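Take a look at the structure set out below.
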Amino acid sequence: MSTMAVYTYFGGMDGLWKALRQEGFTRLAARLAAVKMSADPVRDLAALGAAYLATAMENPVYGPGGW
């Protein structure tokens, strides 16, 4: 697949970046939604932070370093 074909599919470079960001946020939202909440807000915050970090480590292409 050529670069032009990719840009055409996404409607240009801006569309490609938008799709990439959307996919990253979709993956992050799914991971955060899977965290079970408890009665302890500190535990919940730590669990959400761990889920955020795990998503970033497993999907580095969606972060600033991957662009």
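The values are calculated or read from the model by the stated rules, or taken from the named source; none is laboratory data. This structure is a prediction, so every number in the text was calculated from the model and none was measured. Glycine also receives a Cβ, built like all others from the backbone with ideal geometry; neighbour counts cover every protein chain displayed. Side chains are part of the model used for accessible areas, which takes the heavy atoms of the whole protein and leaves out ligands, DNA and RNA. Shrake-Rupley method; radii C 1.70, N 1.55, O 1.52, S 1.80 Å.
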**OP:** Return the total of residues in the range 25-40 being assigned to a helix (DSSP H, G or I) and aliphatic (A, V, I, L, M).
**Re:** 5
Subject >> Residue within the range 44-58 that is modelled with pLDDT of 95 or more and not in a helix (DSSP H, G or I) present >> reply: no
Original post:
So which pairs qualify, if the first residue must be in the range 33-52 and surrounded by 14 or more Cβ atoms within 10 Å (Cβ to Cβ), the second must be modelled with pLDDT of 95 or more and among the hydroxyl-bearing types (Ser, Thr, Tyr), the Cβ gap must be under 9 Å, and the two must be at least 6 apart or on different chains?
Top reply: 44/38; 47/38
Original post:
Do you know which of the residues in the range 14-24 that are without any contact (Cβ under 8 Å) to a residue 24 or more places away in the chain and either open to solvent by 100 Å² or more (accessible area, probe 1.4 Å) or not in a helix (DSSP H, G or I) (or both) is farthest from residue 4 (Cα to Cα)?
Top reply: 22
